[in-house]
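Student: Before I ask anything, here is the structure I am working with.
Read-outs throughout are calculated quantities, based only on the coordinates presented, and are distinct from any laboratory measurement. Keep in mind the model is a prediction, meaning the values are calculated, not measured. Cβ placement follows ideal geometry from the backbone for every residue including glycine, while neighbour counts extend to all protein chains displayed.
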Amino acid sequence: MENFTNETLDVSKLPRYESVAFVPLSASYWKVILLQLLIILLIVVGVVLYVVLNQPEVIPYLGFLTGSWVLALVLSRISFNKKAFAFREHDVLYRSGVIATSTIVIPYNRIQHVALHEGVFSRMFGLAKIEIFTAGGHSGDIEIPGIKKHQAEDIKQLLMGKIQKELS
């Protein structure tokens, strides 16, 4: 048996992910978010109009609904601004959050599968979403939306190459 060692690491000398230059999502993705919010608003307005016409006593609640939609719009913008990604030599990073920012770091040797998705609105703006699956996960561990389609295809090829390299 080898001699087992378990040396203490100097955590001040570990590489810092905070110093990585993150790539923000495509500005066109904000348009996709706005379209989705607009559809939700139209559905809510339709339901509210139906209810108001049949029960006028709910009119005082319209301000609450308007405020809720504006809050959703503001939170969506904050979320959009905080989302970013980066690819380093040995891992992929994804940052997101509204109130608290979280950063997910996944080493390439843990990646099992990579999927590229295009939604209806994303396709209209030439965007795609990369979904990265790791060992033991039931769903994607990272979903990076709002990437230009050609860039998403390049990222998928890069990750698939890393997976093949790890397997050989």
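Student: How compact and how long is the chain, expressed as Rg and Dmax of its alpha-carbon atoms in Å?
Tutor: 21.7, 81
Student: Also, quick follow-up: Given the options 129, 156, 13, which has the most mean-square fluctuation in a GNM of the chain, springs set between C-alpha atoms less than 10 angstrom apart?
Tutor: Highest fluctuation among the options: 13.
Student: While we're looking at this one, here's another question. If N is the number of residues in region 89-168, what value comes out of its Cα radius of gyration divided by 2.2 N^0.38 Å?
Tutor: It is 1.12.
Student: Please give the contour-minus-distance gain from residue 166 to residue 153: 0.36 nm per residue of separation, less the Cα-Cα distance, rounded to one decimal in nm.
Tutor: 2.7 nm
Student: Would you pull out the residues with amide H under 5 Å of residue 141's amide H, same chain only if 5 or more places away, H placed 1.01 Å from N?
Tutor: The list, which skips near neighbours in sequence, is 132, 133, 134.
Student: Which of the chymotrypsin sites (Phe, Trp or Tyr not before Pro) across region 1-87 are loop residues per DSSP, with 10 or fewer other Cβ within 10 Å? Numbers along the way, then the final one.
Tutor: Values: sites: 4, 17, 22, 29, 30, 50, 61, 64, 69, 80, 85, 87; in loops: 4, 22.
Sites meeting the loop and neighbour criteria: 4.
Student: If I fit a long axis through the Cα atoms of helix 149-167 and take the longest principal axis of the Cα atoms of the chain, what angle between them do I get, 0 to 90°, rounded to 10?
Tutor: Value to nearest ten degrees: 30.
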